[in-house]
Amino acid sequence: MDENRFDRPDASPADDLGPALRRAVDGVLRDLPPDDVTSRALAAARQVESHDPEDAVAALRRPPRAAWRVLAVAASIGLVAGLAWWRWGGSPNNSMVSRPLSPVGPGNVPSIPQGPETPHGDRRPSLWAYRQAAWQSAEALDAALDRDARRLLRPEPHPVEAGASLTSIRQTL
Amino acid sequence: MADWDALIDEYGPMVVRVSWRILGRGADVEDNVQEVFFEAFRLHQRETVRQWGGLLRRLATLGALARLRRRRREASLEGLAEPACECPPEENLIAGELEARLRAAVAALPGREGAVFSLRYFEGLQLPEIAATLGIKYAAAATALSRARAKLEAVFAETAVEEQ
């Protein structure tokens, strides 16, 4: 083959070129890279391993561990909250206070019925009373709650049993 | 996993040299060297590399030629000539002009011809080595080299006529 003449061991690669082309090739071969260029280029090459592109892509696709922890905690809280809502507040039948769908005006405010009286004249706290108070207004509900709280915190007199009183009277007689 | 530092110590200077001879002065050399090792690292993660020298020489040659062509297109778009030397005396100016003209002519060659010419005359490889490095047949390498040399001789024959 024609090109085999370049493959002589003693032949310089540029020997078979024309004079002008050979001069240009020789000029390129003489032009060596300066040491500072070489050292900078090699330093840049060494950084390739520490900036692994596959790791970078994988890291972008994979959420960090901290995110997994946050997700786990959020899921646990959500589960507990969901169970609590289902157990105590989820069903409409179990709701302690129901709000009116339509705005409440002076004409359709139901009157608060009087509950059963205690022997001392106080009304017992009742769900019905609270519900009616809530229907009326938030202030009414607060007032009902405050009133019952004050009554419950007040020390009640011990009830007098009729039987005990008769025994003590007989003993005194 | 290959010892990356050892690979760079062994083949890095060759990659710098190949890039420098094709690209000449400029920051493109450092960029090309880094890109060559970046690409080699990616290949190494996907498959086993048996001949690091051949792989790196091929990547350096093809990458540098691609940059040279890109630079040439940008220079022609901007209408600016590539400076031959930074502060040359007269002889260096002539040599620098020749080198710059050779690089521009190599960049104008089709991809395979430019690569074969660079490996033959800038790296001094034999045709079987060139064929193995580029992953082509010997005959294809020989044909590409013959065409490249003919085209470049034509360019530099015009140069010689102009000088006379």
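Quick note: the coordinates plus some simple rules give every number you see, no bench work behind them. Since the model is a prediction, treat every value here as computed from it, not as a measurement. Cβ sites come from the backbone with ideal geometry, for glycine too, and all protein chains shown count toward neighbours.
General remarks:
- Total formal charge among the other residues, if their Cβ is under 11 angstrom from that of A:D31, Lys/Arg +1 and Asp/Glu -1: +3
- Gyration tensor (alpha-carbon) shape descriptor, the range B:94-153, a/c threshold 1.5: prolate
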